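Here's the structure we're looking at; comments come further down.
The values are calculated or read from the model by the stated rules, or taken from the named source; none is laboratory data. Source: prediction; values computed, not measured. So basically every Cβ, Gly included, is an ideal-geometry build from the backbone, and we count neighbours across all protein chains shown. In case anyone asks, the SASA skips ligands and DNA or RNA and just uses the protein heavy atoms, side chains included. Shrake-Rupley method; radii C 1.70, N 1.55, O 1.52, S 1.80 Å.
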Amino acid sequence: MARILILGAGLGGLATAMLLARDRHEVIVVERDPAGPPPPADTDTAWNDWQRRGVNQFRLPHFMLPRWWQQVRELLPEAGDALRAAGARQVNLIEALPVERRGPIRPGDERFDTVTARRPVLEAVLSAAAEAAGVTIRRGVTVTGLATDGHSRVPRVTGVLTADGIAISADLTVDCGGRRSALRSWLQAIGARAPIEERSDSGFVYHCRHFRSRTGGQPAMLTNLLQHYDSLSAITLPGDNGTWSVVLATASRDKALRCLREPARWHAAVARYPLVEHWADGEPISGVDVLAGIEDRYRRLVADGDPVATGVVAVGDAWACTNPSVGRGASMALIQARLLRDLLRETDPADHDKLARRFDEASTQVVEPLYRATVWNDRHRLAEMAADAAGAPYRTDDPQWPVSKALLAAGLVDPDLARGYTSVAAFIATPDEVLGAPGVVDRVVALGMGAAQYPQPGPARGELLAAIA
Ligand SMILES: Cc1cc2nc3c(=O)[nH]c(=O)nc-3n(C[C@H](O)[C@H](O)[C@H](O)COP(=O)(O)OP(=O)(O)OC[C@H]3O[C@@H](n4cnc5c(N)ncnc54)[C@H](O)[C@@H]3O)c2cc1C
């Protein structure tokens, strides 16, 4: 069994650590933020007091998709039980829809089950579960660089260097340092060739608010969690222990909507959307939190067919991250963590060149298409929002975009297609898998192609601007 050092105790780092510890590896997680979580049951303290400066989105809305939950149930069942015990919300994305949209519940609908919570609660639970699984978590340890064996042609990483001058050695170092991972500059510092890296501003801004129920209930889910309207998207997310959150996502270039950061205008906007309005009827437990400058970034540690370094891999956001409105980050990190676990079952980390190549191969084959699909979706949505702001229809030569819009619209009026659309949103099927089923494309075209650009009720741009003026 190997000694594995994981850099970062975020959602991806903790999940990776647990998976590897279950395979009896010696797993050490180092985390820059000094404060540890309160006990998992103390969800108020996790929300109100736990400081996590290392994660920008720590107090922003998160929803764990059914794909994530399927993996947790299968791979990390103790963590799943602990989440439920901490008051995480159990929700079925089909059952929660109005019956006239989904029809009767069917066998197989349990694939839309998930369990979700506010991010600090998720992390507090996962952190305790990781320690219970034998993971050592050292907080307040900042990694500043990589240690190497000093003599390999392609640098071989043998651990990390920390801010207090200590080197921690490991057979394998896993960078789970998140969106702002400094791996590229650390590789440069040890003389490695540059990894392949693509990055660009995703172009979205999030205006988010969390609420707590005054009555103990949760707002009714009248439609999909993510809804697109003229000039903005709304996201309504159930949370743990009678909490939930609402996001208004706009294009960062849309200056007219920047005032949504002001609570009064944010509420004035929400009040214009009949399917969203009631989600703001609760006790606010946050301000209107704004996050901009979110990058799409993809990184590959094999360039021109050879590893740029060995003994180190990147998992989760450190490997690739996107605009989060489809909520796939934690699921993708877990998919990739599982690839690493499986690879370590058959490849000794001492075989470092092979491990580097095979992990790159697996990540590229399995996870990269998921990243690309998310970026594809974001690019179209952003262009559509830009067209909205310009008062023009959005036109594209890409035939897949109108089909994906038609699937959404058809899913609003047809219970089978509601399941098809929700499978994609739940990240348990790809659009190709849904559309590839017999007869589906014809029904999507018949029911969805002629639909309004925004088939759900909401204000046109001019009305929205008037409401928030
Ligand atoms: C606004 C927003 C909303 C999101 N909503 C969702 C959602 O609904 N569903 C979903 O699945 N995903 C969502 N995501 C994505 C999700 O947050 C990430 O995919 C997930 O956190 C990735 O986990 P990670 O472990 O890779 O990185 P992170 O969770 O970011 O953790 C990285 C950790 O590394 C530590 N670290 C960094 N550098 C160092 C260093 N030098 N030394 C020591 N420690 C270090 C940091 O302190 C941090 O704790 C959202 C993201 C954003 C921005």
| message | Which numbered condition in (1) within 21 Å of LEU340 (Cα to Cα); (2) over 25 Å from the mean Cα position of the chain (by Cα); (3) open to solvent by 10 Å² or more (accessible area, probe 1.4 Å) is the only one that GLY177 fails? | response | (2)
| remark: When segment 209-227 is checked residue by residue, the ones that are touching a helix residue (DSSP H, G or I) at 6+ places or on another chain (Cβ under 7 Å) and over 19 Å from ALA96 (Cβ atoms) are ARG209
| Restricting attention to segment 216-230, does a residue exist that is in a loop (DSSP other than H, G, I, E, B), more than 25 Å from the chain's Cα centre (by Cα) and either within 14 Å of the ligand (Cβ to nearest atom) or within 30 Å of HIS267 (Cβ to Cβ) (or both)? | yes
| Which residues, taken from segment 404-424, are surrounded by fewer than 18 Cβ atoms within 10 Å (Cβ to Cβ) and assigned to a helix (DSSP H, G or I)? | PRO415, ASP416
| field | 1 or more residues near the ligand (Cβ under 10 Å from one of its atoms): qualifying strands (runs of 3 or more DSSP E) within segment 104-209 | value | 113-116, 136-139, 143-148, 157-162, 172-175
| Any residue at all in segment 433-452 that is under 27 Å from the mean Cα position of the chain (by Cα), open to solvent by less than 50 Å² (accessible area, probe 1.4 Å) and under 21 Å from PHE112 (Cα atoms)? | yes
| message | Considering only residues that are at pLDDT 95 or above, under 19 Å from SER233 (Cβ atoms) and part of a helix (DSSP H, G or I), which ones fall in segment 314-339? | response | GLY329
| query | Residues in segment 235-252: is at least one outside the structural domain of ARG180 (by TED's automatic domain parsing), at negative phi and open to solvent by 50 Å² or more (accessible area, probe 1.4 Å)? | reply | no
| What is the one condition in (1) over 21 Å from ASP81 (Cβ atoms); (2) part of a helix (DSSP H, G or I) that ALA21 does not satisfy? | (1)
| task | Quick one: count up the residues across segment 24-72 that are part of a loop (DSSP other than H, G, I, E, B) and either within 16 Å of the ligand (Cβ to nearest atom) or open to solvent by less than 10 Å² (accessible area, probe 1.4 Å) (or both). | result | 22
| said: Just to verify a result, which residue in segment 313-363, among those that are within 13 Å of the chain's Cα centre (by Cα) and of a type in the set (Ser, Thr, Tyr), is nearest to the ligand (Cβ to nearest atom)? | reply: SER331
| request: Scan segment 300-326 for residues that are buried (at least 24 other Cβ atoms within 10 Å of the Cβ) and among the charged types (D, E, K, R) and jot them down. | output: ASP317
| task | Considering (1) basic (Lys, Arg); (2) at pLDDT below 95; (3) within 29 Å of GLU384 (Cα to Cα), say which one ARG209 fails and leave the rest. | result | (2)
| query | Do the conditions hold for ALA79, that is, is it over 21 Å from the mean Cα position of the chain (by Cα) and open to solvent by less than 70 Å² (accessible area, probe 1.4 Å)? | reply | no
| Does segment 85-102 hold any residues that are surrounded by 15 or more Cβ atoms within 10 Å (Cβ to Cβ) and more than 14 Å from the ligand (Cβ to nearest atom), and which are they? | ALA86, GLY87, ASN92, ILE94, ALA96, LEU97, ARG101, ARG102
